[in-house]
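Here is the structure we will look at, set down as structure tokens.
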Amino acid sequence: MKAAVFETQGKPLVIKDVKAPIQTNDGIVLKVLATGLCHGDVHIIMGDWQGDLDIKTPIILGHEIVGEVVTDGKKVKKGDMVLVYNAFGCNSCKYCKLGYYQYCEKVKVLGVHENGGFAEYVKVPDENNLIKVEGNPFSLAPLADAGITAYNASEGIQNGDKVAVLGTGAVSMLAVQILKFFGAEITVVGRNPLKLSKMQEIGINEIIFSRGEYAKDLSEKSTTRKFDYILDFIGNELTLDDVSWMLSRMGELRIIGEFGGTLRIPEQLIVLRGLRVKGILYGKMEHLTNVIKLFQEGKIRTFPILYRLDEINSAINDLMSGRVIGRAVIVP
Ligand SMILES: [Zn+2]
Ligand SMILES: [Zn+2]
């Protein structure tokens, strides 16, 4: 089968013929219909997560997968279109038992630890992780990672809550739609004018263009002086610096982006205002089924931009240079 293989750090993926996976008792093979390209893939290719993640090359990346079942399984049948809940845990530790498979010490993610979706076929270790879906696979694919993460990042936020959203990538674009559905008052801060106009199109209350000093621009240009929640979809020095001053009493900073910044908050600020800080990584199965439901009810859109498998390196370049307004989706 044709696949895009990650062989060398910092180099383009290699499009080549590799052996297709075969169905056995310990997994089910999908014909890949669409796989979203995530910033996580770029972090892996660039070696940003070395030390935290041990990536064994060569490997096929791609963790945001929609496919078609090739052979009958126990629960799914040949021809079913399915979306992959992509965190395979040990099923017995305390995190797995709570449904937080992403924090399992032994977690496996297709496209990170094992071959993923930038190929014609992929093997999924457990069919319990497959969710049957209907509709356009290209529009559905971004739900499998961006969507579930966006839902997890928005959970618990309520009607009337004031929420600042930092960043305008695919996860952020989904989160603002979910937050809007929840009735939150949203302020979006970003650097990319094209992505900000997309936010405007989605109908966000307030859009702030920043040249990089997110907290300063947020405090100066926003009509809201303090926020109940700040959702940081970037997570670098520019976004994390000083942003906690913008939280209301008992406000919560949720960090979703993984650009390697360091958070510094004066202890008194945390204590006297009762602030909370929470990291968001992927989500639980119920976050995924909830976000699929919102999508199928027409409450949210995913903005896929399609690339053929052999165009994947252009997709990566476009993503890195901020030209992807929505989600790049790779079609084998
Ligand atoms: Zn991802
Ligand atoms: Zn576990």
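For the range 55-94, the tally of residues that are charged (D, E, K, R) and at pLDDT 95 or above stands at 6. Go through the residues of the range 131-145 one by one and say whether even a single one is within 16 Å of ligand 2 (Cβ to nearest atom), closer than 27 Å to Phe233 by Cβ and at pLDDT 95 or above. No; the residues of the range 131-145 include none that is within 16 Å of ligand 2 (Cβ to nearest atom), closer than 27 Å to Phe233 by Cβ and at pLDDT 95 or above.
Taking the condition of being among the small types (Gly, Ala, Ser) and not in a loop (DSSP other than H, G, I, E, B), how many residues in the range 249-305 meet it?
Number satisfying all stated conditions: 2.
So which pairs qualify, if the first residue must be in the range 79-94 and within 18 Å of Val133 (Cβ to Cβ), the second must be within 15 Å of ligand 1 (Cβ to nearest atom) and among the small types (Gly, Ala, Ser), the Cβ gap must be under 8 Å, and the two must be at least 6 apart or on different chains? The qualifying pairs are Leu83/Ala141; Leu83/Ala144; Val84/Gly117; Val84/Ala144; Tyr85/Ala144; Asn86/Gly111; Asn86/Ala144. Would you mind stating whether Lys78 is farther than 19 Å from Ile148 by Cα, among the charged types (D, E, K, R) and either within 16 Å of ligand 1 (Cβ to nearest atom) or touching a strand residue (DSSP E or B) at 6+ places or on another chain (Cβ under 9 Å) (or both)? It is true that Lys78 is farther than 19 Å from Ile148 by Cα, among the charged types (D, E, K, R) and either within 16 Å of ligand 1 (Cβ to nearest atom) or touching a strand residue (DSSP E or B) at 6+ places or on another chain (Cβ under 9 Å) (or both).
In the range 208-259, which residues are within 19 Å of His39 (Cβ to Cβ), within 20 Å of the chain's Cα centre (by Cα) and of a type outside the set (Asp, Glu)? If the condition is that a residue be within 19 Å of His39 (Cβ to Cβ), within 20 Å of the chain's Cα centre (by Cα) and of a type outside the set (Asp, Glu), then Leu231, Phe233, Ile234, Gly235, Asn236, Thr239, Leu240, Arg254, Ile255, Ile256, Gly257, Phe259 are the ones that fit.
Among the criteria (1) among the hydrophobic types (A, V, I, L, M, F, W, C); (2) within 29 Å of Ile230 (Cβ to Cβ); (3) within 16 Å of ligand 1 (Cβ to nearest atom), the one Val122 does not fulfil is (2). Considering the range 77-95, the residues that are of a type in the set (Gly, Ala, Ser) and crowded, with 16+ Cβ neighbours inside 10 Å include one that is farthest from ligand 2 (Cβ to nearest atom), namely Ala87. Here Tyr229 clears all of (1) surrounded by 21 or more Cβ atoms within 10 Å (Cβ to Cβ); (2) assigned to a helix (DSSP H, G or I); (3) away from ligand 1 (no atom under 16 Å from the Cβ) except the condition numbered (2).
Of the candidates Leu61, Leu13, the single residue that is over 17 Å from Glu258 (Cβ atoms) and not polar (S, T, N, Q) is Leu13.
Could you grab me the full set of residues in the range 132-157 that are free of Cβ contacts under 8 Å to residues at least 40 places away in the same chain and either closer than 22 Å to Ser210 by Cα or under 15 Å from the mean Cα position of the chain (by Cα) (or both)? If you could, list the steps in order and put the result at the bottom.
As a first pass, look at the range 132-157 and keep what is free of Cβ contacts under 8 Å to residues at least 40 places away in the same chain: 136, 156.
Hits for the range 132-157: nothing passes.
For the range 96-111, the set of residues classified as hydrophobic (A, V, I, L, M, F, W, C) and not in a loop (DSSP other than H, G, I, E, B) consists of Cys96, Leu110, listed by residue number. Out of Lys108, Lys74, one residue alone is among the charged types (D, E, K, R), touching an Asp or Glu at 6+ places or on another chain (Cβ under 7 Å), within 16 Å of ligand 2 (Cβ to nearest atom) and over 19 Å from Ile292 (Cβ atoms). It is Lys108. Applying the condition of being buried (at least 18 other Cβ atoms within 10 Å of the Cβ) and away from ligand 1 (no atom under 16 Å from the Cβ) to the range 96-114 and asking which residue is nearest to the chain's Cα centre (by Cα) yields Tyr100. Can you name the residue in the range 314-332 that is assigned to a loop (DSSP other than H, G, I, E, B) and touching a helix residue (DSSP H, G or I) at 6+ places or on another chain (Cβ under 7 Å) and is also farthest from Pro142 (Cα to Cα) among such residues? Only one residue tops the list, namely Pro332.
Is at least one residue of the range 158-175 within 16 Å of ligand 2 (Cβ to nearest atom), touching a residue at least 60 places away in the same chain (Cβ under 8 Å) and of a type in the set (D, E, K, R)? Spell out how you get there, then give the answer.
Filtering the range 158-175 for residues within 16 Å of ligand 2 (Cβ to nearest atom) gives none.
Among the residues of the range 158-175, not one is within 16 Å of ligand 2 (Cβ to nearest atom), touching a residue at least 60 places away in the same chain (Cβ under 8 Å) and of a type in the set (D, E, K, R), which makes the answer no.
The values are calculated or read from the model by the stated rules, or taken from the named source; none is laboratory data. Predicted model only: the values in this text are computed from it and were never measured. Using ideal geometry, Cβ is built from the backbone for each residue, glycine included, and neighbour counts are taken over all protein chains shown.
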